[in-house]
Structure formats: structure tokens, C-alpha cells
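K.L.:
Next up is a structure, given as C-alpha cells.
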Amino acid sequence: MTKDELIKIVKNKEEFREFIVNLLKVTPSDSDFEQVDDVPQIELGYDDGYYWETTAITLADNNTLDVTFDVGSGSGWIECWYSKEIVPIEDFRQYLLNRKYNDESVDVIDILKDEIQEMDNAKEIIGTDEESEYWDKGFHYE
């Protein structure tokens with residue numbers, strides 16, 4: 001899956017809802033997912049060694065997601081903040097379209113694309129065996 005293909009999906013409200021629901025439903029829990037009450041989740045984020053932001057996504061139902069945000073900085077410049085929200089899939093889609101980082105070279109769509117490509121079981125949905133170049137640059141959160 002290319003970035004342009006994912007952007008096309010994210011820009012289409014219904015296509016994105018179908019994509020994220022299928023991704024979270026058909027991908028069994030394995031080493032590519034963290035476990036929260038035995039529910040598969042996608043975890044994506046950014047960590048530059050100073051500031052971190054992690055977003056964990058699980059499926060609540062066919063129209064909503066459980067989204068957990070964990071934000072902070074090693075220096076305390078940004079106080080650690082943790083929030084769990086149940087949001088409509090459309091609100092999360094808007095977040096993906098509008099989220100900007102201070103480092104303009106970092107794009108949340110790139111991060112999501114690369115996290116999806118790292119998931120072995122997602123390959124049947126996105127139809128790729130590509131490895132992520134973004135992953136190797138350290139822009140993921142472990």
C-alpha cells in the first residue's frame with residue numbers, strides 16, 4: 001500500500017470506515033498487536049527522543065473506535081497526558097487528515113501506513129508485501 005492509496009482511502013468517509021473496521025476485525029491478535037482485554041489494536045506514534053505521542057486504536061463497534069492517546073516529553077516540557085476516548089470513526093478520520101507535527105517531515109498518514117504494513121495479517125487486506133522504510137527511521141513508538 002502506498003501513501004497515495006492510503007490517503008485516497010482516508011479521504012473517502014465510507015471507504016475509510018470499511019477499511020478500518022475490516023482491518024481491526026479480520027486481523028487476529030498476534031505479535032503485531034498489543035493486547036487490551038484480548039482485543040486487537042493498532043498502535044502508532046511518534047518519538048523523537050524528546051517528545052512522544054502514541055495513539056492506540058481498537059474497534060468499539062462498526063461506527064466507533066476506542067482511541068487512547070499518550071503524550072509527553074522526557075524533559076517535562078509537556079506534562080504526560082493520557083486520555084481514552086470513544087470516538088466515531090469519522091472523527092478519527094478527520095484527526096488523520098488534520099494532525100500535524102512540529103517536525104514537518106513526520107506525517108501521521110505515513111506512520112499509519114507503515115504500522116499497517118508491519119502487520120503480517122494486514123497484507124491480505126492491503127495487498128502488499130512491502131517493507132516499511134519509515135519504520136527503519138525510528139518514527140514508531142515501541
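The values are calculated or read from the model by the stated rules, or taken from the named source; none is laboratory data. All values derive from a computational prediction rather than experimental measurement. Neighbour counts are summed over all protein chains in view; Cβ atoms, including those assigned to glycine, are modelled from backbone coordinates with ideal geometry. Remember, those area values only see protein heavy atoms, side chains included, never the ligands or the DNA or RNA. Shrake-Rupley method; radii C 1.70, N 1.55, O 1.52, S 1.80 Å.
K.L.:
Could you rank Lys8, Lys84 by how accessible they are, 1.4 Å probe, largest area first?
P.N.:
Ranking Lys8, Lys84 by accessible area, largest first, yields Lys8, Lys84.
K.L.:
How about segment 61-119: which GluC sites (Glu not before Pro) there are in a DSSP loop, with at most 15 other Cβ atoms within 10 Å of their Cβ?
P.N.:
Filter output for segment 61-119: Glu79, Glu104.
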